[in-house]
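Reviewing the structure listed below.
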Amino acid sequence: MELNRLLLLLTVFLLGLDLFEMSPTRLVCDRRLIQKYITEAMDLEDKVSQCEELPFLQQPVQLPLVGFSLREWMAKTNQDKGQETLRDLANLVDGTAAAQDQLSRGCALPLLQQLYEKASSFLLQLRNFGWQVRGRRGLPQDDNDD
């Protein structure tokens, strides 16, 4: 699968997440959910292909690796999965911002803007979710929080 298709799949995945019912097992193992994202990515790829000309970036942009092995993923601890997800999502946000900075107009710019907004929001929510989970597990809290 080429890079554009994988990035589109990741984009659609991020745009369609329902954080209130999210669990790592559902995201990885639900075949219907995976098929939904693949279908949406293909639709988005069709829309991108309708752009007359996609611009070239003047500077390279670093993006997260998109390869995935279910066996390797399942062997990782939840903490490692969380750290890897946050790191790669932050890398996607930074890369998307860098790509936006290099574009002034065109049909790719609104798609990049949408990806940036959704990925940034998702990253913020995941970071906040991590703090809430730590607090619920009975980890030491500041006694002045009354």
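The figures follow:
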| item | result |
| --- | --- |
| Net lengthening on full extension, residue 125/residue 68 (0.36 nm per residue, minus Cα-Cα) | 18.2 nm |
| Calculated from backbone phi, Karplus (6.51, -1.76, 1.60) coupling profile of the stretch 106-123 in Hz, x at Gly/Pro | x, 6, 6, 4, x, 5, 5, 4, 5, 4, 4, 5, 5, 5, 5, 5, 5, 4 |
| Residue-by-residue Karplus 3J(HN,Hα) for the stretch 74-86, coefficients 6.51, -1.76, 1.60, Hz, glycine and proline x | 5, 7, 7, 6, 4, 5, 5, 4, x, 5, 5, 5, 4 |
| Footprinting exposure proxy for 92, 65 (fewest neighbouring C-beta atoms within 10 Å first) | 65, 92 |
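Values quoted throughout were computed directly from the atomic coordinates according to the rules given, and no laboratory measurement underlies them. Here the structure is a predicted model, which is why all the values come from computation and not from measurement. Virtual Cβ from ideal backbone geometry, glycine too; neighbours counted across all protein chains shown.
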